[in-house]
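The values are calculated or read from the model by the stated rules, or taken from the named source; none is laboratory data. These numbers were taken from a predicted model, which means no experiment stands behind them. Neighbour counts are summed over all protein chains in view; Cβ atoms, including those assigned to glycine, are modelled from backbone coordinates with ideal geometry.
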Amino acid sequence: MRTIAIPLPDARRSVIHIAPGLIDRLGEFIRGSGTSGSIALVYDCKLEALARQATASIEATGTSPSVIPLPSGEANKTVATLAALWEALAEAELDRECTVVALGGGVTGDVAGFAAATYLRGVRLIQAPTTLLAQVDASVGGKTAIDLIAGKNLVGAFHQPEGVLIDIDSLSTLPPDQLRSGMAEVVKYGVIADPELLGWLERHLDQVLGRDPSALEHVIARSCEIKADVVGSDERESGRRAILNYGHTIGHAIETVAGYGHYTHGAAVSIGMTAAGELSRELLGFPKSSHERMVELLLRIGLPIRLEAPLPVEPLLSAMRKDKKARAGRVRFVLARTLGEMEVRPIEEPMIQEALRAIGAASP
């Protein structure tokens, strides 16, 4: 088993465990985290079999959890879903000593995590991510959020999990488009922090897409190591952590304007990274060879680099103005100077419009 600790201020730690079969050890890890209170297992409603497996593991420690299904998909990452979860936690009479366990992908982790951050002003959280996207990114680092009509992840809280249990076996039945979606974030880590990871992916991509357990463990562990390093140095995104949003400024705007769930998160981020790479070339001299290398890898994975149908430029710009990195109405982008060397800077809207048209957006 691989174990990665995120060192946090005030002597706190968030620990990531990576291995096959961890769902069967969930109850053991919950009790090992120091909790002795009640447990709420919050799970994606499409994961009934995994939820039963997780419930059995918790019950084996002598505790009967409150088991709460959540509706599946990005379209349900809403205030209404969050409110229903708050009510379910209250109905179960869970107190401040309880632990919320999030079993599912990024949507489940975000909603259950936000509920844990706010129910009774904050209770313990354990993440048990079941998609590659959640395992390499969404479950790690303590960000929780829901979407608004105006934009993605606009309301949320920082709430570090006591632990993250990454069961590689849960990827065996993951739909191919969701596996590809998670790989967009892995490519991002290579661009922002580890060119050697890009090289490894180029050599071993067939094994990863073929779900070879050792290859999956490598990409998950390396991605978590990179994110742990970044989050440990900037937990609340006051500086360096912003580099984790490479490709996300345009990517989140695409998800918002196209309608949540139309594009997978990874597909939208792939298009966003393509546009950010071109902006990086123009503004920072990002080498053409590095940009083409990234694009070729995204295409090999099966991710898009352009919109499948035009989206209007102005709504995309409007969504970007609400991006968390924006300052005084100016859109700021994470750009690459070289592989592993990033910069966050504002970009004037005419240049952004040009970049949007290059990926297939349409002017009025």
Fill in the blank from the handout: The residue from LEU307, LEU216, LEU244, LEU303 that alone is buried (at least 23 other Cβ atoms within 10 Å of the Cβ) and outside any helix (DSSP H, G or I) is LEU303
Exercise for the section: Scan the range 320-331 and report the pairs whose first residue is free of Cβ contacts under 8 Å to residues at least 12 places away in the same chain and whose second residue is in a loop (DSSP other than H, G, I, E, B), with Cβ atoms within less than 9 Å and a gap of 6+ or a chain change. Expected result: ARG321/GLY329; ARG321/VAL331
Exercise for the section: Please work out if ALA51 is of a type outside the set (Val, Ile, Thr) and within 30 Å of ARG240 (Cα to Cα). Expected result: no
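Output yes when any residue across the range 207-219 is modelled with pLDDT of 95 or more, among the β-branched types (Val, Ile, Thr), closer than 23 Å to ALA102 by Cα and not assigned by TED's automatic domain parsing to the domain that holds VAL140, and no when none is.
Initially, the range 207-219 is screened for residues modelled with pLDDT of 95 or more, giving 207-219.
When the remaining residues are screened for being among the β-branched types (Val, Ile, Thr), the result is 208, 219.
If we keep only those that are closer than 23 Å to ALA102 by Cα too, we end up with 219.
Among the residues that remain, those that are also not assigned by TED's automatic domain parsing to the domain that holds VAL140 are: 219.
Yes: one or more hits.
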Exercise for the section: Could you tell me whether the range 213-236 includes any residue that is under 18 Å from ARG357 (Cα atoms) and in contact (Cβ under 8 Å) with a residue 60 or more places away in the chain? Expected result: no
Fill in the blank from the handout: Flagged pairs (Cβ under 9 angstrom, 6 or more apart or on separate chains; first in the range 293-309, in the same structural domain as GLU202 (by TED's automatic domain parsing); second crowded, with 19+ Cβ neighbours inside 10 Å and of a type in the set (D, E, K, R)) are ILE301/ARG180; GLY302/ARG180; LEU303/ARG180
Practice task
Test PRO315 against the criterion of being of a type outside the set (A, V, I, L, M) and in a loop (DSSP other than H, G, I, E, B), and give yes or no.
Solution key: no
Handout entry: Single condition ARG337 does not satisfy, out of (1) within 25 Å of the chain's Cα centre (by Cα); (2) assigned to a loop (DSSP other than H, G, I, E, B); (3) within 25 Å of ASP194 (Cα to Cα)
Key = (2)
Exercise for the section: Kindly establish whether LEU339 is farther than 24 Å from LEU205 by Cβ, surrounded by 15 or more Cβ atoms within 10 Å (Cβ to Cβ), touching a Gly at 6+ places or on another chain (Cβ under 9 Å) and in the same structural domain as VAL257 (by TED's automatic domain parsing). Expected result: no
Problem - Restricting the range 135-153 to residues that are assigned to a helix (DSSP H, G or I) and in contact (Cβ under 8 Å) with a residue 40 or more places away in the chain, the residue that is surrounded by the most Cβ atoms within 10 Å (Cβ to Cβ) - result: GLN135
Problem - Number of the condition not met by GLU237 [criteria: (1) at negative phi; (2) among the acidic types (Asp, Glu); (3) surrounded by 16 or more Cβ atoms within 10 Å (Cβ to Cβ)] - result: (1)
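Looking only at the range 278-290, filter to residues that are of a type outside the set (Ser, Thr, Tyr) and free of Cβ contacts under 8 Å to residues at least 24 places away in the same chain; which one of those is surrounded by the most Cβ atoms within 10 Å (Cβ to Cβ)?
Applying the filter and picking the extreme gives ARG281.
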Fill in the blank from the handout: With criteria (1) more than 17 Å from ALA242 (Cβ to Cβ); (2) touching an Asp or Glu at 6+ places or on another chain (Cβ under 8 Å), GLY285 comes up short on (2)
Exercise for the section: Would you point out the residue of the range 67-100, among those that are touching a helix residue (DSSP H, G or I) at 6+ places or on another chain (Cβ under 7 Å) and among the hydrophobic types (A, V, I, L, M, F, W, C), that is surrounded by the fewest Cβ atoms within 10 Å (Cβ to Cβ)? Expected result: TRP86
Practice task
With respect to LEU198, determine if the residue is closer than 26 Å to LEU298 by Cβ, in a loop (DSSP other than H, G, I, E, B) and in contact with a helix residue (DSSP H, G or I) (Cβ under 7 Å, 6 or more places away or on another chain).
Solution key: no
